[in-house]
Amino acid sequence: MSIITNLTRMWLTRSVKPFTFKNEYDEQLPFADCENLGLYVHIPFCKSICNFCPYCKVGYSKELCNRYIDSLLKEIHLVGNQYPGKKKVTSLYFGGGTPALAADRIGEIIDALNEHFIITEGIGLELHPENVTEEVLAVLKAAGVTKVSIGIQSFRNKYQSILGRKTVDTHAMKKALDAVRFETVSMDFIFALPEQTYDDLKSDIDEAFSLGANHVAIYPFIDFTFTASPVKTMPKKEKRELLDSITRYCMSKGYSRNSIWTFSSEPEANYSSMTRDNFLGFGCSATTLLRNQFKINTFDIASYCERIGRETLATSLTIRFTKRQRMIYWLFWTAYSTKVNAKDFERFFGVPLKKMYGFELWAAKRLRFVTEENGMYAMTLKGAFYYHYYENFYTLSYIDKMWGIMRKEAFPDMLEL
Ligand SMILES: C[S@@+](CC[C@H](N)C(=O)[O-])C[C@H]1O[C@@H](n2cnc3c(N)ncnc32)[C@H](O)[C@@H]1O
Ligand code: SF4
């Protein structure tokens, strides 16, 4: 597996140099002149821990959560004060863990960010189905949240029990979503679970839209090495058939595909914290990407609070991308939206896309992974499947390795991927 990703990396970056992360960082962050800058805040608490979940999270305790949020507010001011005035940013996303467990303090976090940033494209927040009550939604809406994403995983009892999740109370969920409206209501599903059929997935999607969602995310199940999930992954051929048939179904219903995993029933509905050119991340495990530097905060809550308490950033590792590495990172995440505009690439890097990756684009067209019209490359169904497939390798070779180490060591010396 890592042979494929290593060879692909060497080919695309035209170098044998691995992605090298070091235990160092700039105290002064160069975000002042970064365009298309997004914000991300991580809240790592959950009421119960799901055995398949790889994210940085711990069991919820009110006291620990409050202590963590006090540090988060300090980190926001520590970074925000580096910019005189208010910096324009695109969106703000709260991820976790289960950020809605801190619903009563989300307003304070947004107010702190509003002191330093002007958020122009809305605020998104992840919810566990149990958080979808009229009271919690009203508190979040009053705080400024405009988009919510609910982690359903599956409405089918069989898969809820395989994943160790409780039955979703769809009646209560619909009532709450009808009472408190958001621009985007997204629901997350996991696909490629054992023996999952097209009908299982289709009925999940139909149910999501009938409960008030206008956006769905269908994530392929990934079996991380460090999680204790007994769930096995689906074989490649079945996975492809399932992905193709569910994509065709969504298209036939007139839903638009706004990213490799997401479909929306209304054009303005969107939910994605991934496709931004630059972003600032706050909280443990949050990542920051500013031009060619990418850094990741410690996963350890105590170390995070201790560092911030000393008015020092809680960065654990930093990579300074070479030009080609940055290009690949950009292309990978831009392709996630299923479209790559050569003009955007040239605006960002100052060189034509064809000059840097002319052969790869030609091959991708020949293999019918993409079509091209006036420099706009659009992924085909086949291309989307292979993106999915490659993304799985990438996740298991890079993310799995990195997170596997970072959840054990607060500040590793170095990491090569
Ligand atoms: C941080 S979690 C969601 C928020 C909330 N805590 C919840 O569980 O409902 C983000 C999403 O990642 C997806 N996810 C988690 N573990 C996964 C795995 N092993 N493979 C694929 N998707 C996964 C789930 O769909 C989940 O809703
Ligand atoms: S899936 Fe959601 S609730 Fe479950 S452990 Fe992960 S973040 Fe927490």
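Any read-out appearing in this document is the output of simple, stated calculations on the displayed coordinates, not a laboratory observation. Treat the numbers as computed from the prediction; the structure is a model and nothing was measured. So basically every Cβ, Gly included, is an ideal-geometry build from the backbone, and we count neighbours across all protein chains shown.
Structure above, values below:
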item	result
Estimated translational D of the stretch 20-264 in µm²/s (Stokes, Kirkwood radius over Cα pairs; 10 °C; 1.306 mPa s)	81
Beta bridge orientation in the chain: antiparallel %, DSSP, nearest 5	45
Residue of Thr315, Thr146, Thr170 that the Gaussian network model of the chain assigns the largest fluctuation, springs spanning Cα pairs under 10 Å	Thr170
Candidate aspartates and glutamates for bridging to Lys401, where Cα separation is under 12 Å - those fewer than 8 sequence places away on the same chain excluded	Glu416
Geometric extent, Cα atoms of the chain - Rg, Dmax (angstrom)	20.8, 58
Residue-averaged 222 nm ellipticity for the chain, from DSSP H runs of 4+ at -39500 (n - 2.57), nearest 500	-12000 deg cm²/dmol
Charge dipole (debye, nearest 20) of the chain; +1 at Cβ of Lys and Arg, -1 at Cβ of Asp and Glu	1400
Within the stretch 276-330, chymotrypsin sites (Phe, Trp or Tyr not before Pro) in DSSP loop having at most 13 other beta-carbon neighbours inside 10 Å	none
Column: log10 I(q)/I(0), Debye, Cα scatterers of the stretch 261-352, q = 0.17, 0.22 Å⁻¹	-0.85, -1.08
Difference of contour (0.36 nm per residue) and Cα-Cα distance, Cys50 to Lys175	42.4 nm
Fewest-first ranking of His388, His77, His42, His215, using other Cβ atoms within 10 Å as the exposure measure	His77, His388, His42, His215
Potential lengthening between Ile3 and Lys86 on full extension [0.36 nm per residue; Cα-Cα distance subtracted]	25.3 nm
Other-chain or far-sequence residues with amide H under 5 Å of Asn258's (modelled H)	Phe263, Ser264
Unmatched cysteines, the chain - criterion: no other Cβ of a Cys under 4.7 angstrom	Cys34, Cys46, Cys56, Cys65, Cys250, Cys284, Cys305
Residue of Thr334, Thr298, Thr120 that the Gaussian network model of the chain assigns the largest fluctuation, springs spanning Cα pairs under 10 Å	Thr120
Where labels lie 7 Å past Cα in the beta-carbon direction, separation of Leu381 and Asp223 in nm	2.7
Cβ-based exposure ranking for Cys56, Cys250, in which fewest neighbours within 10 Å come first	Cys250, Cys56
FRET efficiency estimate (nearest 0.05) - Cβ-Cβ, Asp33 to Asn341, R0 22 angstrom	0.50
Estimated D of the stretch 219-318 in µm² per second, where Rh is the Kirkwood radius over Cα pairs and Stokes-Einstein applies at 20 °C, 1.002 mPa s	124
C-alpha center-to-center spacing [the stretch 39-68, the stretch 74-118] in angstrom	17
Full-stretch length increase - Glu238, Met251 - with 0.36 nm per residue and alpha-carbon distance subtracted	2.7 nm
³J(HN,Hα), Karplus 6.51/-1.76/1.60, whole Hz, each residue of the stretch 240-252, x for Gly, Pro	5, 4, 5, 5, 5, 5, 6, 5, 4, 4, 4, 5, 5
Loop-exposed trypsin sites (Lys or Arg not before Pro) per DSSP, neighbour cap 16 Cβ within 10 angstrom, longest uninterrupted part of the chain	87-165
Under 5 Å, built H, 5+ apart or other chain: amide partners of Thr312	none
Percent RCO, i.e. relative contact order, over the chain, from Cα pairs under 8 Å lying at least 6 residues apart	20
